[in-house]
Amino acid sequence: MLGFLFLNKSSLNFYCIFAKTNTVIMENTVHEQELTQEELQARKDEMLQFYTESLPYLEAQWKHEDLLMKIDEARFKRAQYQIQYAMMMNPPQESESPEELREEIQKERKLKKS
């Protein structure tokens, strides 16, 4: 089903219009309220408690990501060593000087005499 989403900025209403259906209006209401010092401190304490309780999970995730990074580095280094070893065991052939190349070309080019 094809649908469209429109945002009316003046009244902060979201309009979802779907083909062959009615218009659905979802209102985004924002309630601004003044907090007392006690309520503000209570919210800060809740946030601090939430983040403090999340630390063991984040530390476990950090250790996991760190180990994955070390594994990737070891694989990269191993591949580099293999490439260096292969190049060392099979060095590129020395290119001939331009004069030697010309001589070889001239030797190969012989016209047939009829």
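The values are calculated or read from the model by the stated rules, or taken from the named source; none is laboratory data. Being a predicted model, the structure only gives us computed values, none of them experimental. Here Cβ is always computed from backbone atoms with ideal geometry, including for glycine, and neighbour counts include all displayed protein chains.
Annotations
- Residue that is of a type in the set (A, V, I, L, M) and modelled with pLDDT of 90 or more, where the choices are LEU40, LEU2: LEU40
- In the stretch 76-107, the residues that are surrounded by 10 or more Cβ atoms within 10 Å (Cβ to Cβ) and outside any helix (DSSP H, G or I): GLU96
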